[in-house]
Amino acid sequence: MPKSENQKLKLLYLARILLRETDQAHPLGMSQLISRLGEYGVSAERKSIYSDIDALRTLGLDIECQKGAHCGYYVASRDFELPELKLLVDAVQSSKFITQKKSAELIRKLEALTGKYEAQQLARQVYITNRLKTINEKIYYTVDSLHQAINENSLIAFRYYEWNSDKQKVFRRDGEVYRVSPWALCWDDENYYLIGTDMKDGVTKHFRVDKLEGLRLLGEKRPDSESLQNLDTALYAKKVFSMFGGREETVTLRCKNSRAGVIIDRFGEDVVFRRADSEHFEVTVKVAVSPHFLSWLISFSGEITVLSPDSVRREFRELAKRALESMPE
């Protein structure tokens, strides 16, 4: 019998069938494999399929043969296991900076990395309380461009805006274009931030990625910066609260024992606890002192307080006083 035009694709079709249609609970027997290949216009015999499966194994495909009542062949392991894909799907679905449309596209692509039966377990909605999806579709590509600029050591240009009470964009510096040396991207408090040096004043700043407008790579090499070349983004995020800048201080905090988890979540497991009394412990950490950091302390209603330095204690009291004075009678 003359071979069909699809016969040359036999090995590829067999790999597709095994990857998309099989797992340990759903093996395909020899007659089923022959039938499925026939649907692609490919004729096959048992002996040739045995040889093809051996070839696919040589290429690295983990194909097992199940014996017993439900005998057949299936792909036993893949580049991504099902629990790993579930984790990635949850992260995509719950990420605020990824639009609903882009989330759906990414999840469909993740589903293609496993068999059709396991993919059904990925088609689920993750509900996160009070978490809104961004409507800015461009942020997905903005992040990619920023990574490119960082990798190519290129300066970037953009305009930066805030929202006013009329829900209108108001550009900083009256719409002046920022020239920035980008160093890192940081995901903090459900938002993506760019950490970079503003070339106008040489100061390291943080920019919300979703508020960048008209981003472009300038192709100019950024100047070296010893302070940022070896930036440890994870360590940096421990000190900076929600990307609000501030002077760096070594601060000692007095905390209720019940707030141990809060301190570990914020500063990491390596932070040293010192027992103060039966109900309190103390920690010394480096932070960027900003209004956001002080507001974070206030939110714990006295269960986390500042012991030193005195300058931070004064700022803490002044902020609390202003907050009380601003409340209407």
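Computed from the coordinates by the stated procedures, all read-outs in this text should not be read as laboratory data. Only a predicted model underlies this, so the values are computations on that prediction, with no experimental measurement involved. Using ideal geometry, Cβ is built from the backbone for each residue, glycine included, and neighbour counts are taken over all protein chains shown.
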*Return the lysines within reach of Lys8: Cα separation strictly under 22 angstrom, same-chain partners fewer than 8 residues apart disregarded; answer none if there are no such residues.*
Lys47
*So what is the calculated 222 nm ellipticity per residue for the chain, using -39500 (n - 2.57) for each DSSP H run with n of 4 or more, over all residues, to the nearest 500 deg cm²/dmol?*
-10500 deg cm²/dmol
*Report, in degrees rounded to the nearest 10, the 0 to 90 angle that the Cα long axis of helix 100-111 makes with the longest principal axis of the chain.*
40
*Expressed as an acute angle from 0 to 90° and rounded to the nearest 10, what is the orientation of the C-alpha long axis of helix 30-39 relative to the principal long axis of the chain?*
80
*Does anyone have the angle between helix 310-325 and the longest principal axis of the chain? Alpha-carbon axes, 0 to 90°, nearest 10?*
90
*segment 1-101 - Kirkwood radius from inverse mean 1/r over Cα pairs (Å)*: 15.4
*11 Å beta-carbon shell around Gly214, net charge (K/R +1, D/E -1)*: +2
*Can you list the residues, at least 5 places off or on another chain, whose amide H is less than 5 Å from the amide H of Arg216, using H built in the peptide plane?*
Ala157
*Rounded to the nearest 20 Debye, what is the dipole magnitude of the chain about its Cα centre when Lys and Arg each give +1 and Asp and Glu each give -1 at the C-beta?*
600
_I need the GluC sites (Glu not before Pro) found in segment 252-325, filtered to DSSP loop residues with at most 14 other beta carbons within 10 Å of theirs._
Glu269, Glu279
*Note down the Stokes-Einstein diffusion coefficient of the chain in µm²/s, whole number, using a Kirkwood radius over alpha carbon pairs, 10 °C, and 1.306 mPa s.*
64
*Assuming R0 = 30 Å, can you tell me the calculated FRET efficiency for the pair Lys256 and Lys167, based on Cβ-Cβ distance, to the nearest 0.05?*
0.15
*asked:* Multiplying the sequence separation of Ala157 and Leu307 by 0.36 nm and subtracting their Cα-Cα distance, what value in nm do you get?
replied: 49.7 nm
*Added length on full extension, which subtracts the Cα-Cα distance from 0.36 nm per residue, Ser94 to Arg247*: 51.8 nm
_Loop-only trypsin sites (Lys or Arg not before Pro) in segment 1-67, please: DSSP not H, G, I, E or B, and at most 10 other Cβ atoms within 10 Å._
Lys3, Lys67
*Which GluC sites (Glu not before Pro) does segment 19-121 hold that lie in a coil by DSSP with at most 10 other beta carbons within 10 Å?*
Glu45
